[in-house]
Amino acid sequence: MDNLARVLDSEQAFLEYGKIIGSEDRYFTVETDRAEMQATKSVSCLVEPLPGDTVLVSQTASGKCYVLSILEREDQGPTILVFDGDVDLKAREGRLRLAAQEGIDLVSAKDTALISAQLSVNSVQGEVSIQHLSFFGNFLQGQIQKIKLIGQACDSVLERVSQRVKRCYRQVEELEQLTAGQLNYRVKKLMSLRGKYSVLTAEEDVRIDADKILMG
């Protein structure tokens, strides 16, 4: 008897078809065969209803009305998923893949974080625009056919620099200054220094050693 009383006291819900004719904030105006009603979207209905959509509506005797699902859409426009709070997509086993024919956009008003044991990016063409970038790592390796850098200043603080090139061309318009503890140049064939004025100054000895020395 107690179970029967609880069943009789429970609020019943009625299902019917309707059409979205308007929306304001989180409420949708639904037109059914009986009347127009104000409904909210159920939690399980992820797709945002648009005007003209045919929907399935649940209404209780107390006046609560919910849009359960979208059945048909007249104009095939964008499908919008709207959530009120934080959203977590989890795949307990396997992989999570997002695929699109035209493109994928990730837009955030605040921060975006990527955390992974390994990251791979493959693209034919890419463009990155960052106002301030900080990179921290242990090893950087790249294979690039051509590099072109344009900037106002470049500061590097390194313990060791090793370069091996086939040809090197450098043009300095104003001043080039080198300060070193020791300077050693080794040339296999010809070493040529040309300038309008040349000054060689040493605090102690200047040594020139060759089989033949031509002056003038």
Cβ contacts < 7 Å: first residue closer than 17 Å to GLU36 by Cα, restricted to the stretch 63-85; second residue open to solvent by 100 Å² or more (accessible area, probe 1.4 Å) and not in a loop (DSSP other than H, G, I, E, B), any location; separation 6+ or different chain. Result? CYS65/GLN38
Which one of these does GLN59 not meet: (1) assigned to a loop (DSSP other than H, G, I, E, B); (2) under 18 Å from GLN12 (Cβ atoms)? (1)
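Over 30 Å from ALA153 (Cβ atoms), open to solvent by 100 Å² or more (accessible area, probe 1.4 Å) and part of a loop (DSSP other than H, G, I, E, B): is that true of LYS196 in this structure? Give the derivation first.
Numbers: over 30 Å from ALA153 (Cβ atoms): no; open to solvent by 100 Å² or more (accessible area, probe 1.4 Å): yes; part of a loop (DSSP other than H, G, I, E, B): yes.
No.
Would it be correct to say that SER108 is modelled with pLDDT of 90 or more and open to solvent by less than 100 Å² (accessible area, probe 1.4 Å)? Before the answer, list the steps.
Working: modelled with pLDDT of 90 or more: yes; open to solvent by less than 100 Å² (accessible area, probe 1.4 Å): yes.
Yes.
On the given criteria, is SER123 farther than 30 Å from THR40 by Cα, open to solvent by 100 Å² or more (accessible area, probe 1.4 Å) and in a loop (DSSP other than H, G, I, E, B)? If you could, list the steps in order and put the result at the bottom.
Numbers: farther than 30 Å from THR40 by Cα: yes; open to solvent by 100 Å² or more (accessible area, probe 1.4 Å): no; in a loop (DSSP other than H, G, I, E, B): yes.
No, not satisfied.
Within the stretch 32-41, work out how many residues are surrounded by 15 or more Cβ atoms within 10 Å (Cβ to Cβ) and more than 14 Å from VAL82 (Cβ to Cβ).
Result for the stretch 32-41: 3.
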Quick check on my filter: what residues within the stretch 42-85 are open to solvent by 50 Å² or more (accessible area, probe 1.4 Å), among the charged types (D, E, K, R) and within 32 Å of the chain's Cα centre (by Cα)? ASP75, ASP84
Output for the stretch 65-119, where each listed residue is in a loop (DSSP other than H, G, I, E, B), among the charged types (D, E, K, R) and within 30 Å of TYR17 (Cβ to Cβ): ARG73, GLU74, ASP75, ASP84
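The values are calculated or read from the model by the stated rules, or taken from the named source; none is laboratory data. Since this is a predicted model, take the numbers as computed values, not measurements. Note that we place each Cβ from the backbone using ideal geometry, even for glycine, and neighbour counts take in every protein chain shown. All accessible areas refer to the heavy atoms of the entire protein, side chains included, with ligands and DNA or RNA removed. Shrake-Rupley method; radii C 1.70, N 1.55, O 1.52, S 1.80 Å.
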